[in-house]
Amino acid sequence: MFNLILFGPPGSGKGTQSEKLMARYGLKHLSTGDLLRHEISRQTALGLEAKNFMDKGQLVPDEVVIGMISSALDENPQAKGFLFDGFPRTSAQAEALDRLLDLKKASIGVMLALDVSEEELVKRLVKRGETSGRSDDNNEQVIRARIIEYRSKTAMVADYYQQFEKVVMVKGEGTIDEIFDALCAEIDKRI
Ligand code: ADP
């Protein structure tokens with residue numbers, strides 16, 4: 001089993017690259033953002049709770065997303081590996097993920113961290129907001145709040161994996177295919 005974390009700030013291209021990586025490597029894509037938006041569209045209790053945080057650009061509480069990931073792992077016993085996108089986003093989530101994978105005698109193979117300048121991030125998110133229908137992309141204040149959450153709670157998750165020498169930085173600016181090729185080169189070294 002090969003498990004991969006695609007890491008980076010909001011707007012760094014995790015969703016776009018995940019689609020391509022999942023097609024190439026046959027990994028099961030687990031995006032907590034997508035899972036949460038699915039809960040919101042079904043108007044479940046979990047979705048309604050999460051929406052309050054997401055609309056403000058804040059992180060959803062750890063126990064909510066950890067529970068979602070735990071269920072998703074259990075629901076996919078045949079997966080040849082998982083591609084985590086937008087998770088873990090806090091140190092507590094990273095520790096919980098290690099424990100969940102441990103129970104399955106699995107671990108994280110590598111964290112690929114997309115590096116994109118803040119100016120470029122805001123530009124991309126504002127542009128995505130014009131077509132994505134995502135309310136959190138529609139408002140520059142919410143976009144900036146998400147980047148602040150990233151800096152204060154999420155960026156340090158890379159340090160957690162760095163202690164196991166599992167982090168590789170990849171340039172997240174350039175064409176989609178250039179970035180994809182750089183990600184694949186790193187995966188191919190390890191798979
Ligand atoms: P982006 O990374 O572009 O902001 P996502 O779809 O990954 O988009 O996340 C959208 C929102 O969902 C986040 O701003 C946050 O409120 C919530 N969210 C997603 N993943 C997590 C997570 N692992 N922990 C807490 N909140 C999360």
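Quick look at the values:
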quantity	calculated
Using a Förster distance of 22 Å, the FRET efficiency for A185-D159 (Cβ separation, nearest 0.05)	0.40
Segment 4-86, dipole about Cα centre (Lys/Arg Cβ +1, Asp/Glu Cβ -1), debye to the nearest 20	360 debye
Heavy-atom accessible area order for F53, F84, F2, largest first, 1.4 Å probe	F53, F2, F84
Pair S152, Q43: separation of 7 Å Cα→Cβ label points (nm)	3.3 nm
Added length on full extension, which subtracts the Cα-Cα distance from 0.36 nm per residue, E130 to E173	13.4 nm
Computed magnitude of the charge dipole of segment 83-191 (debye, nearest 20; Cβ of K, R +1, Cβ of D, E -1)	380 debye
Lysines whose Cα lies under 28 Å from that of K123, excluding same-chain neighbours fewer than 8 positions away	K14, K20, K51, K56, K153, K171
Mean Cα-pair separation over length for segment 105-191, i.e. relative contact order, pairs under 8 Å, 6 or more apart, %	41 percent
Per residue value of the accessible surface for the chain (all protein chains in place, 1.4 Å probe), Å²	51 Å²
Cleavage-rule hits (trypsin sites (Lys or Arg not before Pro)) in segment 1-67: DSSP loop, at most 15 neighbouring Cβ within 10 angstrom	R42, K56
Surface share of carbon and sulfur [accessible, 1.4 angstrom probe, percent] for segment 25-104	50 percent
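The values are calculated or read from the model by the stated rules, or taken from the named source; none is laboratory data. Just so you know, these numbers come straight off a predicted model, no measurement behind them. Cβ: placed from backbone, ideal geometry, glycine included. Neighbour counts: every protein chain shown. With ligands, DNA and RNA removed, areas are computed over all heavy atoms of the protein, side chains included. Shrake-Rupley method; radii C 1.70, N 1.55, O 1.52, S 1.80 Å.
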